[in-house]
Amino acid sequence: MAKRKLSLSPRRGRPRKFTVPSRPVTLTLPDHVIDALRRVDTDLGRAIVRLAETAVAAPPRRAAELSAFGGRAVIVVTPSRSLERQTGAALLHLPDGRAIISFDRSMTVAQLELMIADALEAGNLAPADREVFQGVAEILRSARRSSDTTLSQRQIIVLESRRRSRTRRSA
């Protein structure tokens with residue numbers, strides 16, 4: 001049996017955007033539609049996929065919810081740049097358009113919960129961001145108050161490829 005080497009180095013051509021078979025498509029869209037799509041996701045392709053999947057898929061997901069596997073669960077959220085900016089958390093994007101919240105080892109769950117509460121209290125969040133913040137706050141609050149749930153902070157392994165800068169030759 002041949003060994004398959006895990007390679008994170010950039011492949012030739014565009015990097016894969018989706019985990020399912022896909023192909024490039026060229027679209028001409030009105031500017032206002034492009035602006036609306038960018039509010040869903042800064043990447044137009046992912047924005048279109050997210051809207052198409054929600055239009056034909058199961059009922060819409062909450063802005064923040066638990067994704068359970070066995071006796072454990074992680075919080076998954078609708079990606080929110082405000083959540084990253086205001087808490088220092090990093091969102092790890094999942095193929096289904098949602099994201100997992102991760103943060104530096106120096107930050108605790110209690111600190112994250114406090115920053116989320118402060119942002120909600122400040123009252124300057126966009127409605128979609130407010131929904132994410134409220135959802136995460138409620139999940140953390142419920143877990144903290146529950147007698148049959150343990151809230152643990154774990155570290156995850158994230159592999160990132162190093163992009164090589166391309167040198168252009170001048171003519």
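The values are calculated or read from the model by the stated rules, or taken from the named source; none is laboratory data. Please read all numbers here as calculations on a predicted model, not as lab measurements. Methodologically, a virtual Cβ is constructed for each residue, glycine included, from the backbone with ideal geometry; neighbour enumeration extends over all protein chains shown.
Here are a few things to note about the model shown:
- The C-beta contact set for region 133-156 (first residue within 17 Å of Ala68 (Cα to Cα), second residue small (Gly, Ala, Ser), distance under 7 angstrom, 6+ apart or interchain) comprises Gly135/Ala63; Gly135/Ala64; Val136/Ala64; Ile139/Ala64; Thr149/Ala143; Leu151/Ala143; Ile156/Ser102.
- When the test is whether a residue is touching a helix residue (DSSP H, G or I) at 6+ places or on another chain (Cβ under 6 Å) and over 30 Å from Leu159 (Cβ atoms), Ala64 does not pass it.
- Against the test of being at pLDDT 90 or above and in a loop (DSSP other than H, G, I, E, B), the options Leu112, Leu125 yield a single qualifying residue, Leu125.
- Test for Arg105: is it assigned by TED's automatic domain parsing to the domain that holds Glu138 and in a loop (DSSP other than H, G, I, E, B): yes
- Subset tally (residues that are of a type in the set (Phe, Trp, Tyr) and within 22 Å of Val49 (Cα to Cα)) for region 87-142: 0
- Hits in region 125-155 - residues which are surrounded by 10 or more Cβ atoms within 10 Å (Cβ to Cβ) and more than 18 Å from Ala73 (Cβ to Cβ): Leu125, Ala126, Ala128, Asp129, Arg130, Glu131, Phe133, Gln134
- Some residue of region 89-99 being assigned to a helix (DSSP H, G or I), modelled with pLDDT under 95, in contact with a Ser or Thr (Cβ under 9 Å, 6 or more places away or on another chain) and loosely packed, with under 14 Cβ neighbours inside 10 Å: no
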